[in-house]
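Only the coordinates and a few stated rules stand behind these numbers; no lab work does. The structure displayed is predicted, hence computed values, not measured ones. Methodologically, a virtual Cβ is constructed for each residue, glycine included, from the backbone with ideal geometry; neighbour enumeration extends over all protein chains shown.
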Amino acid sequence: MFERTRMNTTNTQIDTAAVQQMDAAHYLHPFTDFKDLAAKGARVMVRGEGVYLWDSEGKKIVDGMSGLWCVNVGYGRTSISQAVYQQMETLPFYNSFFGTTNVPAVELATKLAQIAPPAFRHVFFTSSGSEANDTNVRMVRRYWDLQGYKERHTIISRHNAYHGSTVAGASLGGMDGMHAQGGLPIPGIVHIGQPNYLEAGQELTPDEFGLKAAGWLEEKILEVGADKVAAFIGEPVQGAGGVIIPPATYWPEIQRICDKYGILLIADEVICGFGRLGRWFGSELFGIKPDLITFAKGVTSGYVPLGGVLVGERVARVLVEQGGEFTHGFTYSGHPVACAAALENIRIIEDEQLVRQVADDTGPYLAERFAALGEHPLVGHADSCGFVAGLNLVRKKGATVHENELFDESLGVGMICRGHMFDNGVIMRAVGERMIVAPPLVMTRAQIDEMTDLIRLCLDKTYEEIKTRQWL
Ligand SMILES: *Cc1c(COP(=O)(O)O)cnc(C)c1O
């Protein structure tokens with residue numbers, strides 16, 4: 001049965017029930033209630049082309065989430081599969097541990113140094129964003145150790161941040177649900193509040209709130225002791241936390257505080273990098289100058305796993321010039337096949353000028369369409385930044401965003417809305433009652449219309465359902 005199912009994925013008909021049954025019997029999914037999924041049955045995705053996906057029932061779906069924030073150049077790019085195939089034929093693997101290297105890794109490191117902000121000339125490769133953030137934890141501590149500051153080990157992050165799911169990644173992250181399992185965070189990682197204006201900006205303008213939220217960093221530094229703080233880490237725009245776009249005053253003030261205390265600034269650009277915000281890196285949009293940049297996801301558009309850390313000159317100078325082994329790395333650091341995929345992916349982004357397209361054309365258009373969705377009776381607030389956007393479902397709109405009446409969380413209105421979306425052929429993610437998208441960067445204006453029309457239809461359906469259930 002397994003053989004038949006495998007063959008059928010490249011043909012026409014798939015036995016959905018059989019796949020779901022095997023899935024439930026053997027496959028433990030990430031971030032999943034196993035029991036719940038086994039009862040429902042997983043949706044079986046079989047094919048992608050451009051911004052569209054097809055499931056095993058032949059249903060066509062607009063992928064508003066780029067897979068998981070990563071398929072920046074869209075599905076079905078033959079030139080990436082060819083680059084991968086050729087590299088596998090030539091040299092499928094060799095390690096970079098004992099004084100060896102490989103051509104795709106060298107070419108990619110060189111290419112990344114070209115497209116990254118000027119202070120970045122070095123890169124450390126991993127296979128994921130989580131591993132890259134683990135690398136950050138060890139690298140910033142080593143940076144301070146090498147200079148004799150052995151106490152300077154604490155890293156400050158933010159509540160509701162997402163920095164991955166390894167022990168260090170989940171500790172850096174600020175997700176309560178993750179910390180509750182497995183005794184996290186590990187020592188030496190502390191958290192401050194997030195710059196979420198909707199949640200905490202009452203009675204302040206966004207700009208005033210941005211300064212206030214950045215001020216929490218200074219308070220924490222003083223509480224921990226400036227001589228014990230190694231680094232601050234943050235996503236330019238928080239992704240998994242719900243597309244939280246900080247006020248314009250936030251990042252410049254964070255930068256000023258990091259500079260004042262000599263603290264390293266780590267920008268986790270796993271989502272914001274590679275054109276997502278209409279710049280190669282989100283830091284550039286917010287005018288910040290990080291010392292380290294975490295990347296993954298969009299670097300290969302998800303075709304093959306790859307991540308890493310861009311290491312700025314401030315850190316590289318110490319690590320490279322002082323010498324001594326950095327006792328860290330992965331079997332697949334600088335994997336030639338993953339690097340070949342990344343090189344071709346970056347070539348496509350450049351060739352099709354996707355970064356500029358998002359900045360000047362489709363990003364502003366997406367903003368327009370989301371602003372229009374903001375008029376819907378169920379939507380209390382809608383915003384966007386480049387190619388991420390979100391809208392908040394509310395029970396009743398108020399005169400200001402802080403006067404919106406919210407739904408009781410236990411009703412699960414976001415998940416109901418997400419269900420309508422999936423059933424009607426568009427993927428949006430629900431983070432509580434905030435509905436978010438991060439479309440492939442290749443999405444055209446016409447496809448943005450198609451996506452936002454479907455979203456509107458599903459908002460109507462959600463509204464009807466809520467009325468029927470008498471939740472208004
Ligand atoms: C997805 C993500 C990660 C983790 O990347 P993985 O490849 O899943 O390990 C880290 N940071 C951010 C901001 C992310 O969005």
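The distance between label points at Phe326 and Ala18 comes to 4.9 nm (points 7 Å beyond Cα on the Cα→Cβ vector).
Taking label points 7 Å from Cα along the Cα-to-Cβ direction, Ala446 and Glu403 give a separation of 4.4 nm.
Our helix-only sum for the chain, with -39,500 (n - 2.57) per DSSP H run of n ≥ 4 divided by its residues, gives a mean residue ellipticity at 222 nm of -12500 deg cm²/dmol. Full extension of the chain segment joining Asp360 with Thr101 gains 89.3 nm, where the gain is 0.36 nm per residue of separation less the Cα-Cα distance. Separation of the alpha carbons by more than 31 angstrom is noted, of Lys289/Lys397; Lys289/Lys396; Lys212/Lys467; Lys40/Lys461; Lys111/Lys289; Lys60/Lys289, for Lys289/Lys397; Lys289/Lys396; Lys212/Lys467; Lys60/Lys289. Each of Ile155, Leu222, Val320 was scored by the projection of its Cα onto the charge dipole of the stretch 79-351, and the greatest displacement toward the positive side belongs to Val320; charges sit on the C-beta of Lys, Arg, Asp and Glu. Projected label points at His26 and Ala39, each 7 Å from Cα along the beta carbon direction, are separated by 2.5 nanometres.
Shape verdict for the stretch 161-302, please, from the Cα gyration tensor: rounded (a/c under 1.5), prolate (a/b greater than b/c) or oblate. Verdict is rounded for the stretch 161-302. Applying 1/(1 + (r/R0)^6) with r as the Cβ-Cβ distance of Glu57 and Glu313 and R0 = 41 angstrom yields a FRET efficiency of 0.20.
When you filter the GluC sites (Glu not before Pro) in the stretch 367-415 for DSSP loop state and at most 14 other Cβ atoms inside 10 Å of their Cβ, you are left with Glu375. Charging the Cβ of each Asp and Glu at -1 and of each Lys and Arg at +1, and nothing else, the dipole of the chain about its Cα centre rounds to 520 debye. Evaluated with a Cβ-only charge set (Lys, Arg +1; Asp, Glu -1), the stretch 79-351 carries a dipole of roughly 380 debye about its Cα centre, given to the nearest 20. Relative contact order for the chain: 18 percent, from Cα pairs under 8 Å spaced at least 6 residues apart, divided by residue count.
Centre-to-centre, using Cα atoms only, the stretch 176-209 and the stretch 370-389 are separated by 23 Å. Taking every DSSP beta bridge with both residues inside the chain, roughly what % is antiparallel (nearest 5)? Taking every DSSP beta bridge with both residues in the chain, the antiparallel ones total about 65 percent.
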